[in-house]
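Here's the structure, in structure tokens; my notes come after.
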Amino acid sequence: MKLSEVPQGLRVRIKAVNIEGELRERVLGLGFVPGCEITVGTSAPLGNPRMYIVGGKMITLRDSEANMIEVEPVGVCTLEETAEGEAYVVESIWRGRNFLVRMRKMGIRPGVVLKVLSKHPHITVETTEGIKIFLKHGEARKIIVSRRERHWQ
């Protein structure tokens, strides 16, 4: 996943910095080094640049720079990356207001617990109220979840 694609508020770990030359030295000097954990902050009013919290400092990067930094989520994943039979808590939903509204109408919103029933051909989840929801894989990529520690009840 590219750093520019990560939703606001999530914590990620840098896997690789795919930048060359002088710009690479600048980005590494700011603290964007492989293995470092950062938190994605807010964006400027038009979406670019974006703020990141790196080692306790607030740093801004343009999307063109953030596109060249590969990251992985820390403690969270997309609904598509989950395991069948496990329960997860929805942390955030991203990629557009219409998608967010549609998910809320189906009962998927931050804080809701979902159990993954099946992943093929679609992602099938069940809420604690017993409602089964079928999602396309592309939709499941837009839902960020964390593992639920307690067993499904």
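The values are calculated or read from the model by the stated rules, or taken from the named source; none is laboratory data. Since this is a predicted model, take the numbers as computed values, not measurements. Don't worry about glycine lacking a Cβ; one is built from the backbone with ideal geometry, like all the others, and counts go over all protein chains shown. Areas reflect the complete protein model, heavy atoms only, side chains present, ligands, DNA and RNA absent. Shrake-Rupley method; radii C 1.70, N 1.55, O 1.52, S 1.80 Å.
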remark   = The base-10 log of I(q)/I(0) that the Debye equation returns for region 1-84 at q = 0.11, 0.14, 0.15, 0.20 Å⁻¹, one scatterer per C-alpha, is -0.27, -0.44, -0.50, -0.87
ask   = Using a 1.4 Å probe on the protein chains only, how many percent of the accessible area of the chain belongs to carbon and sulfur?
value = 50 percent
ask   = About the Cα centre of region 73-119, what is the dipole size in debye to 20, counting +1 per Lys and Arg Cβ and -1 per Asp and Glu Cβ, all else neutral?
value = 420 debye
5 angstrom amide H check on G107, placed H, neighbours 5+ away = none
query = So which aspartates and glutamates pass the test for K2, namely a Cα distance under 15 Å, with those fewer than 8 places away in the same chain ruled out?
reply = E37, D63, E65, E70, E72
key: Mean accessible surface per residue for region 67-146, computed with a 1.4 Å probe while every protein chain stays in place, in Å²   = 51 Å²
task = Find the accessible area per residue for region 22-62; the probe is 1.4 Å, ligands and nucleic acids are left out, and the unit is Å².
result = 58 Å²
query = Which listed residue (I53, S43, A16) has the Cα farthest towards the positive end of the charge dipole for the chain, taking +1 on Lys and Arg C-beta and -1 on Asp and Glu C-beta about the Cα centre?
reply = S43
query = Between region 5-28 and region 81-153, what's the alpha-carbon centroid distance in Å?
reply = 28 Å
query = What angle do you read, to the nearest 10 degrees and between 0 and 90, between the alpha-carbon axis of helix 97-106 and the longest principal axis of the chain?
reply = 30 degrees
key: Calculated from backbone phi, Karplus (6.51, -1.76, 1.60) coupling profile of region 128-134 in Hz, x at Gly/Pro   = 5, 7, x, 7, 8, 10, 9
request  = Would you kindly state the longest site-free stretch of the chain, with sites defined as GluC sites (Glu not before Pro) in a DSSP loop (not H, G, I, E, B) surrounded by at most 11 other Cβ atoms within 10 Å?
outcome  = 21-128
message = If amide hydrogens are placed 1.01 Å from N in the peptide plane, which non-local residues have theirs closer than 5 Å to the one on K119?
response = T124
task = Quote the Stokes-Einstein diffusion coefficient, in whole µm² s⁻¹, for region 16-143, based on the Kirkwood radius over alpha carbon pairs, a temperature of 25 °C and a viscosity of 0.890 mPa s.
result = 147 µm²/s
ask   = Using a 1.4 angstrom probe and counting only protein chains, how large is the accessible area of C77 in Å², to 10?
value = 30 Å²
